[in-house]
Amino acid sequence: MSQEHRQQSAFRRQIFLPRFQNFERYKSPSSDELRVGPAPSEKAVRGWSGTLASYWFLPRPESTSMPFVKHDAQPPASWPTETSYLVKCRLSPTFPSALHSFLFDKNTVSSPAARYNPRPVIHPSHLSIKVIKDPGHPANGQAGLFTKRKIPPGELVIPYLGVIHHSLVADADSDVATIAVIPDEHEHSDYDLSLVRISAHDPLSPFFGYHVSIGVDAAHAGNAARFVNDYRGISSEPNAEFCLGHGAAGELRMEIWSLKKGIAKGEEVLVSYGKSWWSARKP
């Protein structure tokens, strides 16, 4: 995909600090397998039926904000235990079906009733997740995304996968919208990238009178792309960038592409989070 056919997209992201520390080994009620994860509550155990799907971890009663962890496939090495590994984006349970068609480019779908069903994306063999052990690195002790071969300029490095969600904000001049803001639980996520913005005045919008934002959040579920770091304090410039692209099924998705100098073998993949991202996080 040429540069002119890819679009820069605004995004919000910051280094993720795990909030869930209370893990222990426990026995699955459906097998003799010992699993590593937060101990299940008595209520959760009573609700179990049949055989548990692979990779499910259930939270302690006091960790009500921790999401269930369910992997789409075996995660790559160094994957964090508290994060679900995805091979395709998931729709948030609250994402309305009326917005499905907006997850496609208008030139790629002919039906307004298009359903979002992306094809799986396997972990690229040319990338690895590594824990950074460099006191001079801004993300020392955390993870980064590294190459296992040279990546030429203008090449897709990896798609950015996560949970697709939306939020609504009433237009200031609207006499249709009855609620000023419909909040989104992903609003303050550290890994939220913007995919689509729909004007409150768009006649095709199913939420006329509201500004609609659709994003992809990899805070608790995503792929290796969630570990890409900002170049500041590491290099003089980024070697990759976030761009809006398309998946194999024609769906819109966020992607990471190499820049004009390419990325050397063994080098960390680095992007720019953008000035607005850093400005929003100044003390």
query: Would it be correct to say that Asp190 is surrounded by 12 or more Cβ atoms within 10 Å (Cβ to Cβ), at pLDDT below 95, closer than 30 Å to Tyr231 by Cα and in the same structural domain as Val216 (by TED's automatic domain parsing)?
result: yes
- request: Could you list, in sequence order, all residues of the stretch 189-214 that are under 13 Å from Val169 (Cβ atoms), outside any loop (DSSP other than H, G, I, E, B) and not β-branched (Val, Ile, Thr)?
  value: Arg197, Tyr210, His211, Ser213
- prompt: When you look at Val212, is it more than 25 Å from Asn140 (Cα to Cα) and in the same structural domain as His100 (by TED's automatic domain parsing), yes or no?
  reply: yes
message: From the list Ala200, Ala221, exactly one residue is at pLDDT 95 or above, over 30 Å from Ala264 (Cβ atoms) and not acidic (Asp, Glu). Which is it?
response: Ala221
task: For Asp184, indicate whether it is assigned by TED's automatic domain parsing to the domain that holds Thr94, part of a loop (DSSP other than H, G, I, E, B), surrounded by fewer than 16 Cβ atoms within 10 Å (Cβ to Cβ) and among the acidic types (Asp, Glu).
output: no
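Let's see how each residue does on (1) under 19 Å from Arg90 (Cα atoms); (2) more than 20 Å from the chain's Cα centre (by Cα); (3) in the same structural domain as Leu168 (by TED's automatic domain parsing); (4) surrounded by 17 or more Cβ atoms within 10 Å (Cβ to Cβ):
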residue: Ser194; (1), (2), (3), (4): yes, no, yes, no
residue: Val216; (1), (2), (3), (4): yes, no, yes, yes
residue: Ala225; (1), (2), (3), (4): yes, no, yes, yes
residue: Ala240; (1), (2), (3), (4): no, no, yes, yes
residue: Glu251; (1), (2), (3), (4): yes, no, yes, yes
residue: Ala264; (1), (2), (3), (4): no, yes, yes, no
residue: Tyr273; (1), (2), (3), (4): no, no, yes, yes
- request: Check the stretch 147-158 and report whether any residue there is surrounded by 12 or more Cβ atoms within 10 Å (Cβ to Cβ), of a type outside the set (S, T, N, Q) and over 25 Å from Lys260 (Cβ atoms).
  value: no
Check on Ser205, over 24 Å from Asp134 (Cα atoms), exposed (fewer than 14 other Cβ atoms within 10 Å of the Cβ) and more than 22 Å from the chain's Cα centre (by Cα): no
Test: Gly162 is touching a Ser or Thr at 6+ places or on another chain (Cβ under 6 Å) and surrounded by 22 or more Cβ atoms within 10 Å (Cβ to Cβ): no
task: Among the numbered conditions (1) surrounded by 15 or more Cβ atoms within 10 Å (Cβ to Cβ); (2) at positive phi, tell me where Gly141 comes up short.
output: (1)
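Residue by residue, here is whether (1) modelled with pLDDT under 95; (2) in a strand (DSSP E or B); (3) over 30 Å from Asn117 (Cα atoms) holds:
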| residue | (1), (2), (3) |
| --- | --- |
| Arg232 | yes, no, yes |
| Glu241 | no, yes, no |
| Leu244 | no, yes, no |
| Ala249 | yes, no, no |
| Trp257 | no, yes, no |
| Lys260 | no, no, yes |
| Lys265 | no, no, yes |
| Arg281 | yes, no, yes |
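The values are calculated or read from the model by the stated rules, or taken from the named source; none is laboratory data. Please read these numbers as outputs of a predicted model, since none were measured by experiment. Don't worry about glycine lacking a Cβ; one is built from the backbone with ideal geometry, like all the others, and counts go over all protein chains shown.
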